[in-house]
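Data first, discussion second: the structure below is written as structure tokens.
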Amino acid sequence: MQPMISLNDVTFQYGDAGFRLHIDSLSIASSAKVAFVGPSGSGKTTLLHLLAGIFVPTAGRVEVAGHALSELGDASRRDFRIANVGQVFQDFELVDYLNVRDNILLPFYINSQLTLDAKTREEADDLADSLGLGDKLRRPIGNLSQGERQRVAICRALLPRPRLILADEPTGNLDPVNTDHVLDILLERATSAG
Ligand code: ADP
Ligand code: MG
């Protein structure tokens, strides 16, 4: 079976002399659950940006879910991302002037490829509830704790049921109980993805 992720002789460099990430070869099967582990500054976020098609490699081939991302232009990579990837950003990238529910539904507001129906709205509320945000749906993002924001970002990434979930330190701001719970939900969703 074709792997979900396949990298071949990939180099990415910031500018002419910045940090340089090189990966000889990486292959990850569909339905696999993988953690990239390394110290701060080792390139984990950079790698996730390559897998999401936010960055294109300086050299080499990046293939994700059957799409040769390194060959595609900006618009095609964006379409790929909307259709296939659920991303939890390290800095969340939530919209401050929207409330929790609207942040979770955001991909459905801005992407015509995703259809917002009553069932999706219900799923959004259920997902928020399962991550302990059920009583905060109308709260603006601005008055949430970091851990609460992180959980909103996770709900937003999972709601469209993406084939690929890319989560950048998704439990970095959570206490041990929430960490276990969030990992359970991420892994459960990953099991049913692909
Ligand atoms: P990690 O997520 O493992 O902490 P990153 O991928 O964020 O590491 O960063 C890897 C290296 O690339 C770091 O040295 C960082 O300073 C550098 N870096 C990250 N983003 C940029 C950028 N936009 N421009 C230049 N250098 C960057
Ligand atoms: Mg990082």
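Readers should treat all values here as calculations from the given coordinates under stated rules, not as data from a laboratory. Keep in mind that this is a model prediction, so the values were computed, not measured. Here Cβ is always computed from backbone atoms with ideal geometry, including for glycine, and neighbour counts include all displayed protein chains.
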**Asked** Which three semi-axes in whole Å describe the equivalent ellipsoid of the chain, each the square root of 5 times a Cα gyration tensor eigenvalue, listed largest first?
**Response** 29, 18, 16
**Request:** Could you go through the stretch 174-179 in sequence order and give the Karplus-derived ³J(HN,Hα) for each residue, using 6.51 cos²θ - 1.76 cosθ + 1.60 with θ = phi - 60°, rounded to whole Hz, and x for Gly and Pro?
**Result:** 9, 6, x, 5, 5, 4
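If I take R0 = 25 Å and measure r between the Cβ atoms of Thr115 and Phe36 in this structure, what FRET efficiency does the formula 1/(1 + (r/R0)^6) give, to the nearest 0.05?
On the way: r = 33 Å, r/R0 = 1.31.
For R0 = 25 Å, the calculated efficiency reads 0.15.
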**Prompt:** In degrees, nearest 10, range 0 to 90: what is the angle between the Cα axis of helix 74-84 and the longest Cα principal axis of the chain?
**Reply:** 50
**Asked** Once both axes come from the Cα atoms, what is the angle between helix 118-130 and the longest principal axis of the chain, in degrees from 0 to 90, rounded to 10?
**Response** 90
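Give me the percent relative contact order of the chain, please, defined on Cα pairs under 8 angstrom at least 6 residues apart. Can you show the working numbers first?
On the way: 300 pairs, mean separation 43.0, N = 194.
Normalised by residue count, the contact order of the chain is 22 percent.
Provide the packing ranking of 159-171, 121-133, i.e. peptides ordered by the mean count of other C-beta atoms within 10 Å per residue, highest first. Don't skip to the end; give the middle numbers.
Working: 159-171: 19.6, 121-133: 17.3.
Per-residue Cβ counts within 10 Å, averaged per peptide and sorted highest first, yield 159-171, 121-133.
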**Request:** Could you size up the charge dipole of the chain around its Cα centre, putting +1 on the beta carbon of Lys and Arg and -1 on that of Asp and Glu, and report it in debye to the nearest 20?
**Result:** 200
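If packing is taken as the mean number of other Cβ atoms within 10 Å per residue, what is the order of 18-24, 100-106, highest first? Spell out each step's value before the answer.
On the way: 18-24: 13.1, 100-106: 22.6.
Final packing ranking: 100-106, 18-24.
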**Complete:** the chain, Gaussian network, Cα under 10 Å: of Pro176, Pro140, Pro57, the residue fluctuating most is Pro176
